[in-house]
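The values are calculated or read from the model by the stated rules, or taken from the named source; none is laboratory data. Computed from a predicted structure; not experimentally measured. Neighbour counts run over all protein chains shown; Cβ positions are idealised from the backbone, glycine included. Areas reflect the complete protein model, heavy atoms only, side chains present, ligands, DNA and RNA absent. Shrake-Rupley method; radii C 1.70, N 1.55, O 1.52, S 1.80 Å.
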Amino acid sequence: MAKILQMPTQTGKIGVFDSGVGGLTVLREIMAHLPAESLLYFGDTARVPYGDRTQAELLRFVREIITWMQGQGVKMVVMACNTSSALALEIVQAEFDLPILGIILPGARAAAKAGRRIGVISTVATAQSNAYKQAILEASSNSQVWQVGCPDFVPLIEKSRIDDPYTRAVATDYLKPLMAANIDTLVYGCTHYPHLAPLMNQILPSSITVINPASFLVTAMTKELDLLGLRSNQSKSQIDFYVSGDPAQFAQVSSQWLGFTPDVKPVSLAVLEGLAIAQSF
Ligand code: DGL
């Protein structure tokens, strides 16, 4: 595929995407630590969840989203999605002339520093990819890693069922093998899961260090922006929200995590699919 030429500028937006509301946990970190950056958030809510997709499907979605974001003039793309980072990051990094950052490497390195008995909860696709295990062992070969796929979490979080006793039962069940393995560190290997923090904090013993890879991704982003001379020095920044599904539903569910009700615009799947076809991936 021919590379697409474009010139990123300091004032350009940073594109941040996920299958749904999960990426908001990354967006929040970016807003807190890089407040001068303007952001373009895309939630692929028409196709959530990503966690049981094949690599071919994920790659198609990711190519469509990055092509669309490129058309919006973004200067950098952040995969606020572990599943996409596990299955598609390296391929699209080689295809697009645009800095594209994933979340797994920063999270894995932080986990390897924090402990030796590391549990990773994630989507089934991320767990099966072994991306976390490989990255943690590369950073610290004497670590032990246990990965648990948690397919019920994303649909429950997208429906905002955080306080639901059913969600508590599901979480207790998923954590059981990790408690039995006596882990000292737990990685939120899916960007949706920090939304469960109030519940997880009740279930997890306080001796376990919890890693939210989003914090470490923002440190990596900051370094990359500085390295490329792309860090914004604007006094005013803005955030635009787009989804492929129902904008009103996204606005309603996300307001509890954003602290404001976002103005959300639609992007149709027909537009996304058409862009990828035009690029002939
Ligand atoms: N939040 C994403 C992740 O970090 C995707 C989860 C999903 O849609 O299944 O993996």
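Of note:
- Residues that are more than 16 Å from the ligand (Cβ to nearest atom), in a loop (DSSP other than H, G, I, E, B) and not aliphatic (A, V, I, L, M), drawn from the stretch 4-33: Q6, P8, T9, Q10, T11, G12, K13
- Of residues in the stretch 112-138 being farther than 18 Å from H192 by Cα, of a type in the set (G, A, S) and in contact (Cβ under 8 Å) with a residue 60 or more places away in the chain, the one most open to solvent (accessible area, probe 1.4 Å): A114
- The criterion of at least 1 residues that are within 12 Å of the ligand (Cβ to nearest atom) is met by the following strands (runs of 3 or more DSSP E) wholly inside the stretch 121-219: 144-149, 185-188.
- Condition met for L217 (touching a residue at least 40 places away in the same chain (Cβ under 8 Å), open to solvent by less than 10 Å² (accessible area, probe 1.4 Å) and either of a type in the set (G, A, S) or closer than 17 Å to S122 by Cα (or both)): yes
- Evaluation of D18 against the conditions (1) at pLDDT 95 or above; (2) surrounded by fewer than 23 Cβ atoms within 10 Å (Cβ to Cβ) shows that the sole unmet condition is (2).
- Within the stretch 59-76, being in contact with a Leu (Cβ under 6 Å, 6 or more places away or on another chain) and within 16 Å of the ligand (Cβ to nearest atom) holds for one residue alone: E64.
- Applying the condition of being open to solvent by 10 Å² or more (accessible area, probe 1.4 Å) and over 21 Å from L27 (Cβ atoms) to the stretch 94-111 and asking which residue is farthest from the ligand (Cβ to nearest atom) yields D97.
- Those helices (runs of 4 or more DSSP H) lying entirely in the stretch 34-106 with at least 1 residues in contact with a Cys (Cβ under 6 Å, 6 or more places away or on another chain): 82-87
- Selected residue (criterion: surrounded by the most Cβ atoms within 10 Å (Cβ to Cβ)) from residues of the stretch 180-189 that are over 21 Å from the mean Cα position of the chain (by Cα) and touching a residue at least 12 places away in the same chain (Cβ under 8 Å): I183
- The lone exception for L89 - which of (1) under 30 Å from W146 (Cα atoms); (2) crowded, with 22+ Cβ neighbours inside 10 Å it fails: (2)
- Residue within the stretch 130-146 that is β-branched (V, I, T) and touching a Cys at 6+ places or on another chain (Cβ under 9 Å) present: no
- Of the residues making up the stretch 49-56, at least one is within 12 Å of the ligand (Cβ to nearest atom) and of a type in the set (D, E, K, R).
- Out of S160, S141, one residue alone is at positive phi and surrounded by fewer than 18 Cβ atoms within 10 Å (Cβ to Cβ). It is S160.
- Residue check, R63 surrounded by fewer than 22 Cβ atoms within 10 Å (Cβ to Cβ), in contact with a Phe, Trp or Tyr (Cβ under 8 Å, 6 or more places away or on another chain) and farther than 25 Å from E273 by Cβ: no
- Filtering the stretch 250-261 to residues that are surrounded by 14 or more Cβ atoms within 10 Å (Cβ to Cβ) and touching a residue at least 24 places away in the same chain (Cβ under 8 Å) leaves F250, V253, S254, W257, L258.
- Taking residues in the stretch 45-62 that are among the charged types (D, E, K, R), and partners anywhere that are surrounded by fewer than 18 Cβ atoms within 10 Å (Cβ to Cβ), the pairs with Cβ atoms closer than 7 Å and at least 6 places apart or on different chains are D52/V124; D52/P151.
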